[in-house]
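The values are calculated or read from the model by the stated rules, or taken from the named source; none is laboratory data. Just so it is clear, the model here is predicted, and its values are computed rather than measured. Cβ coordinates were reconstructed from backbone atoms using ideal geometry, including for glycine residues, and neighbour counts include every protein chain displayed.
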Amino acid sequence: MRIFRKYKSNIHEKGFVHRDFHSGNILKGDGFDALITDLGLSRPADQDQKDNTIHGVLPYVAPEVLMKNKYTEKSDIYSLGMICYEVIAGIPPFHDVPHQAHLAFDIIKGLRPKFKIKVPKKIHEMIYEWWLDLDVPNFDSEFYKQYDEADTDKHDLTDLQESTNNQLVYTTHVQAVYRSRVLDIPSSMLCDDEGM
């Protein structure tokens, strides 16, 4: 998947962090390329934030950022993990709950979206190899054959893929917000009796 490779070379290797990375900031490029957009909040990684304001789409914001710590490359990688979840699961993270301070607190305490499948630890290398098989294309590769079969066959739909006009159908909570905004996390929620 070239998105990750380009991301590392074009943002992190230049010493920047995105600070607002979510699926709404990814556009389809040529072929199988994806483009990362909305760099308005990007800053050099070593630049301190002028205030403690947190911007973003709550499910994609790293727990340490929600705790008002500095944005880092690791914070962006957390966001990439949520994007990977969305791609694999076919639904945005935490689509069925309000995106309010209580969700932020739960994320800080360790809440993550649940996968019904095992995701290999070396997913980046696997996806990159798959991308190469499709980009070239390598008609003889096992992945290309499976991709072609999946693209042409009609399969039974999973519980997450009830289809209407080839679009995924799921219910999003009315207070789930998938646009960037200022996230107001009360400081009182960041401290509990365990010293968090």
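Numbers for the structure displayed
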read-out: Single residue of D192, D184, D133 found to be under 30 Å from I54 (Cα atoms), at pLDDT 70 or above and among the acidic types (D, E); value: D184
read-out: Residue selected from segment 1-47 under the condition among the small types (G, A, S) and within 21 Å of I123 (Cα to Cα), by the criterion modelled with the highest pLDDT; value: S23
read-out: Subset of segment 68-84 (residues that are more than 8 Å from the chain's Cα centre (by Cα) and surrounded by fewer than 18 Cβ atoms within 10 Å (Cβ to Cβ)); value: K68, N69, K70, T72, E73, K74, I77
read-out: Residue within segment 85-105 that is surrounded by 19 or more Cβ atoms within 10 Å (Cβ to Cβ), free of Cβ contacts under 8 Å to residues at least 40 places away in the same chain and of a type outside the set (F, W, Y) present; value: yes
read-out: Selection count where residues are part of a loop (DSSP other than H, G, I, E, B) and either of a type in the set (D, E, K, R) or over 19 Å from S180 (Cα atoms) (or both), scope segment 11-28; value: 4
read-out: Condition check for P92: part of a loop (DSSP other than H, G, I, E, B), touching a helix residue (DSSP H, G or I) at 6+ places or on another chain (Cβ under 7 Å), more than 15 Å from Y178 (Cα to Cα) and not hydroxyl-bearing (S, T, Y); value: no
read-out: Selection status of V65, among the aliphatic types (A, V, I, L, M), within 16 Å of the chain's Cα centre (by Cα) and at pLDDT 80 or above; value: yes
